[in-house]
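Reading through the structure tokens given below for one structure.
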Amino acid sequence: MIKRHYLFVLIIIILSGCASRVDQGQVVATVNGKVIYLKDLQRELSMRVRQDPSLVPDQTVLREITETLIERRIIIQQAMKRNMAEEESFVDNIRLFWEQTLIRDFIEYKSRQFDSYIFVTDKEVEDYYDILEREGGAELPPFEKISPVIKARLEETKRLQAFDRWLKDEKKKSRVSVHEETLAELEEK
């Protein structure tokens, strides 16, 4: 219960836009006393440009984004008035999103660490190409064209293997207990 309360407080802080921070920058709009900053608009614009690189950030687009941010703020305020952030399903969804994001970010962090010592030799690329030639029924592109793809695939394979080794080592160091009775009860149902 305490963990759920802690998560709820964290969610409220996040949703309130961390209003305790001092200078957030220029104000774009205010909704029922809650400020939407220029950095919020810029973040949304950046996300939209990543999704659609042809997007031109003219006044129409900026006003459209501003309206979207205002509407979101209104919806969030109405949901908060109805204590929807305290509902178990909401808290569970936030926890799941948080866990998935944390796992993804950690895997990316470990991949960058592995990149500092993982390498693929030209011989490994050639050997892999030879295996593909022997086992494959289809005609392969010339070695020079496909070698960068092979190298990237081998690097990714080595990264995954390194991560698996790391995880196994961490699992051995961790205190893990599986409650077999609980699992057995689930099987019976």
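Remark: pairs (first residue in segment 137-151, of a type in the set (Phe, Trp, Tyr); second residue surrounded by 12 or more Cβ atoms within 10 Å (Cβ to Cβ); Cβ separation under 8 Å; 6+ apart in sequence or on different chains) = 143/126; 143/129. Here residue 70 fulfils each of the conditions (1) aliphatic (A, V, I, L, M); (2) over 24 Å from the mean Cα position of the chain (by Cα); (3) modelled with pLDDT under 95; (4) surrounded by 14 or more Cβ atoms within 10 Å (Cβ to Cβ) apart from (3). With respect to the stated conditions, residue 124 is over 20 Å from residue 105 (Cα atoms), surrounded by 13 or more Cβ atoms within 10 Å (Cβ to Cβ) and in contact with a Leu (Cβ under 7 Å, 6 or more places away or on another chain). Got a sec? Which helices (runs of 4 or more DSSP H) wholly within segment 31-127 have at least 1 residues that are closer than 30 Å to residue 147 by Cα, among the hydroxyl-bearing types (Ser, Thr, Tyr) and out of contact with any helix residue (DSSP H, G or I) (no Cβ under 7 Å at 6 or more places or on another chain)? Result: 88-115. Residues that are over 30 Å from residue 76 (Cα atoms) and surrounded by 10 or more Cβ atoms within 10 Å (Cβ to Cβ): does segment 93-106 have at least one? No, that holds for no residue. Only a single criterion out of (1) in a loop (DSSP other than H, G, I, E, B); (2) surrounded by 10 or more Cβ atoms within 10 Å (Cβ to Cβ) is not satisfied by residue 132, namely (1). Regarding residue 79, is this residue farther than 30 Å from residue 37 by Cβ, small (Gly, Ala, Ser) and within 26 Å of the chain's Cα centre (by Cα)? When the stated conditions are applied, residue 79 does not pass them.
The values are calculated or read from the model by the stated rules, or taken from the named source; none is laboratory data. If you're wondering where the values come from, they're calculated on a predicted model, not measured in any experiment. Please note: Cβ atoms are built from the backbone with ideal geometry, for glycine as well, and neighbour counts cover all protein chains shown.
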